[in-house]
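Please treat every number below as a calculation from the coordinates, not as lab data. Every value quoted in this text rests on a predicted model; they were computed, and no experiment measured them. Every residue, glycine among them, receives a Cβ derived from its backbone with ideal geometry; neighbour counts consider all protein chains shown.
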Amino acid sequence: MTETQTTIAPHTQAPLVTRIYPTEFELDALIRTAADAQKSWNRVSLDERISKGYKFIDEFKKMQDEFPLELTQQMGRPVSQTPGELRGMLSRAEYMLSIAASSLALVPLTDTDLPGFRRFIARVPLGVVLVIAPWNFPYLTAINSVLPALLAGNAVLLKPSPQTPLTAERMQRALELAGFPPGLMQAVHLSQALAEIAVRHQLVDFVSFTGSVSGGRAVAKAAVDAAGFKGVALELGGKDPAYVRADADFDYTVAELVDGAFFNSGQSCCAIERIYVHESIFDKFVAAYVELVKKYKLGDPTDPTTNLGPVVGVASANRIRKQVAAAVAAGAKQLIPENLFPAAVAIEKWIGIRRTASLAMEVMMEETFGPVIGIQSVSSDEEALRLMNDSPYGLTASLWTDAAHNRESEAVFLNFADALETGTVFLNRPTLTTVVTSSIRRLRGQESRTADAA
């Protein structure tokens, strides 16, 4: 019996795209095609791989005008905001291409005590890399793994989310037009069961996964259960905190933290999900924050004037509402009623701010991944630090203080940077790599080049 997946448009709940899953036999053939293509690609010089990478950028640019509306229809981000992801993807691709030669060069070892010998570390490709990409920033997250893997001499199977199937197909097309060999990068649409089969396949050598903690556990388990050994890179959930000190640039901080929480309807890997504010400015901060949020226009994401779209689907909306209801029942104060935004009567949309009454609420501990923010008063830096670390997640964190003009504030930031259990700590800006149950291996920066080469 043929199995399929159908993408439902978040803002209309109408079917958008249907794709047929391969059989297990067909999946095996796709993987073997990738392995065969990799053997030839491995013999292509790094200079030529880099050259083709730049051609990929050129081909993608020729096609990109089609993508904003197409992506908005698939995952619901306002069409006015979608071009930013495409620009970010191209900028990141250019950066990775610019450092590929140095990242993949031979590393000479000069500490030898053997005269007449030369030793060096060589970066060699792993083989076939399976990239499992999410729907929330499908182009940006995919390029983090796809391009470094190809530059390092690997073949790539790119499995997009069922919510954004067209993104992987567009990337494959641009790569083929740029001269990458057929079969080297293939977009593959897989059910969860087929994805686990692909992870366990003997010819898949490395898996890069971005998604939920539960999905990451399933991928890691499948990799462990495989007959051979293979590497896994996981970028998982987050509950990114921000701490606002009394000397923060007030208006700037409020505006940035509103955007950091509500951009992409809060469905960003590193969205601000909880804010701790020094008690001396807490009431003022909350009042200003609420007023800015009230100015959002929630509605049809294909309307260029909309700046807040739906969450991705009914299941997400129900999960978010359940978390919100539990917070309110536990004593949190809802500062923005749902009826303030008429479009929110649709089941897939939600917006809210919680002024929390209990530090142990799920809304302050577990990932929300939606347009909801918890704001909590703290009496000291020490209390803020303790609460920021009181979470199983560790993607990013941010501190908002006048470090540029105050040495004490600079010292506080440096102390937080050392003590926070996160992969990245930002000063006076919203958050972007990763620790705790959020990530195993970092996927951006120079390390992403060497992760795809032994």
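Quick one: which of 43-51, 165-173, 211-219 comes out on top by average Cβ neighbours within 10 Å, and what's the full order, highest first?
Ranking, from highest mean packing down: 165-173, 211-219, 43-51.
Listed highest first by mean packing, meaning other Cβ atoms within 10 Å per residue, what order do 384-396, 316-328, 96-108 come in?
Ranked by mean Cβ neighbours within 10 Å, highest first: 384-396, 316-328, 96-108.
If packing is taken as the average count of other Cβ atoms within 10 Å, what order do 331-337, 269-275 fall into, highest mean first?
Going from most to least packed, we get 269-275, 331-337.
Find the centroid of the Cα atoms in the range 12-73 and in the range 285-313, then give the distance between the two in whole Å.
Going from one Cα centre to the other spans 33 Å.
Mean residue ellipticity at 222 nm from the helices of the chain, using -39,500 (n - 2.57) per DSSP H segment of n ≥ 4 over the full residue count, to the nearest 500 deg cm²/dmol?
That comes out to -13000 deg cm²/dmol.
Please give me the summed charge of the neighbours of E59: other residues whose Cβ is under 11 Å from its Cβ, Lys and Arg +1, Asp and Glu -1.
Once all neighbours under 11 Å are counted, the net charge is +4.
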